[in-house]
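One structure is given here, and the rest of the page talks about it.
The values are calculated or read from the model by the stated rules, or taken from the named source; none is laboratory data. Quantities reported herein were computed from a predicted structural model and do not represent experimental measurements. Cβ sites come from the backbone with ideal geometry, for glycine too, and all protein chains shown count toward neighbours.
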Amino acid sequence: MSFPLICLGNPLLDLQVDATKSFLEKYDLKDDDAILASEKHMPIYKEVLNMDGVKLVAGGAAQNTARGAQYLLPADSVVYFGSVGKDEYSAKLNEANAKYGLRTEYQFQENHATGKCAVLINGHNRSMATDLAAANHFTPEHLQIPANWKLVENGTHYYIGGYHLTVSPPAIKLLAEHASANNKTIAMNLSAPFIPEFFKGALDEIVPYIDYIIANESEAAAYASSHGLPESSTVAEIAQHIAKLEKVNAKRPRTVVFTQGLDPTITATYDATADKLDVKEYQVYPLESSKIVDTNGAGDAFAAGFMAALVEGKNLAQAVDVGQWMAALSIQEVGPTFPFPKKSYA
Ligand code: 26A
C-alpha cells in the first residue's frame, strides 16, 4: 500500500458555461466568487443545463487538487474522501477520477443527489454557486470505517478543502488531530472568502493544527477583515499574522502561502521554537492572455502541484514553483482538468 496523500472535500460536478453579466445579476452573483446556493439560486442548474455550450466536468475544489496531485505523482499516491449520491453525476466523477488514477473512497448517500456547482465563466472571471446535496452529508464515521482509517493512518500528508468547514468540522478535526499527534504534514486551503467570513469559528478551531495554509488574495483579505486585522494590512502582513497563530504540533513550523493571480506568490513561515519568521516572494510565469481557456480550478491546480511537491520531499520554493506550473497548465484546459498525454514538470 502506498497512498501517502489523503484529501478530504466536497465532490461536485461542475456545470460550466459562459455567462453574461446580466445572467450573473439575475442570480445576484458577483463576477468572481463562490457561494453556497440558497433557495433563490436553485433554478440556476436547470437553466444552465439548457444553455448552449454547457460542459459537465468533474469539480469540487479538493477533488480537483487530489486529481492534480495524482497526475504528477506515481500511481497509487492519492486517496480522496467525500460524499456523493448514487447517480449519473457520481458515475461521471468516478470516470474522471479513474482517468487520473485517483482512488476515491466515497460515502454514498441513498437519499441525496450528487452535489453540483454552476460555474459561470465571464472573461477571465468565474462565479460559482454550489448545491452541496449529498456532499453535505459526509460524516466522520466514514473515515473511521476500519479500511478507511487504515488509509488515513498510512498517509504521510493530508489536504483539507476549506469548503469542507461548511460540512463536517469533526471529520476535519479527526484528520488534523491524527496529523498533529503523529508529526505528519497537513495543509488546508481557505477556498473562498465566505469561509473566513461566515465559518470563522470552525476555521479558527482547525488552524492551530495546520502546517500549510493556502489561499488567494481575496481570501486573505476576507480573513483579515473577519479577524479584525487593520484595514491597511498587506497580503504579506496577513500571511505573517496567520503563520504566528498558536500551533498544536510545535515540531513543524506553519507556512502561509498566498497566491495573487499574476502578482507574486507570498509565503510566510514561522518557526515558534526558534522564534524565526521568514517571508518570501515568488514571481509567477505570466501566460499570454490568448492561451487562457478558463480559470476554473486554477487555485486547486496550484495546491495540487504544491502538495505533490511536498510529498516528493521538495522544499518550499520548489513546491511553489510546481504549484505555479500546474496552475498555468490547468488554465489552458476547460475547467479544473489537466492535459493528456501528460506533461511533466522538469
Ligand atoms: C461548499 N462549496 C461552496 C464548495 C465549492 C466547491 N468545492 C467544494 N465546496 N464551490 C465551488 N467549488 C469548486 O471549486 C472548484 C474551483 O476551484 C467547484 O466545483 C470548482 O471545480
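Please work out which one of (1) surrounded by fewer than 24 Cβ atoms within 10 Å (Cβ to Cβ); (2) in a helix (DSSP H, G or I) is the condition Thr65 fails and give its number. Thr65 satisfies all of (1) surrounded by fewer than 24 Cβ atoms within 10 Å (Cβ to Cβ); (2) in a helix (DSSP H, G or I) except (1). Does at least one position in segment 289-296 carry a residue that is modelled with pLDDT under 95, at positive phi and within 15 Å of the chain's Cα centre (by Cα)? No, that holds for no residue.
Name the single residue, out of those in segment 50-62 being more than 12 Å from the ligand (Cβ to nearest atom) and on the phi < 0 side of the Ramachandran plot, that is surrounded by the fewest Cβ atoms within 10 Å (Cβ to Cβ).
By that ranking, first place goes to Asp52.
With respect to Asp87, is the statement that it is closer than 22 Å to Gly161 by Cβ, out of contact with any helix residue (DSSP H, G or I) (no Cβ under 7 Å at 6 or more places or on another chain) and touching a residue at least 40 places away in the same chain (Cβ under 8 Å) true? When the stated conditions are applied, Asp87 does not pass them.
Could you tell me whether Val84 is within 25 Å of Ile331 (Cα to Cα) and of a type in the set (A, V, I, L, M)? Walk me through how you get there before you give the answer.
On the way: within 25 Å of Ile331 (Cα to Cα): no; of a type in the set (A, V, I, L, M): yes.
Criteria not met by Val84.
In segment 299-328, the residue that is farthest from Met128 (Cα to Cα) out of those that are aliphatic (A, V, I, L, M), surrounded by 23 or more Cβ atoms within 10 Å (Cβ to Cβ) and within 16 Å of the ligand (Cβ to nearest atom) is Met307.
If the condition is being crowded, with 20+ Cβ neighbours inside 10 Å and more than 23 Å from Ala301 (Cβ to Cβ), then segment 208-237 contributes Tyr209, Ala224. The listed residues are Gly115, Gly101, and the only one of them that is under 17 Å from the mean Cα position of the chain (by Cα) and under 30 Å from Gln324 (Cβ atoms) turns out to be Gly115.
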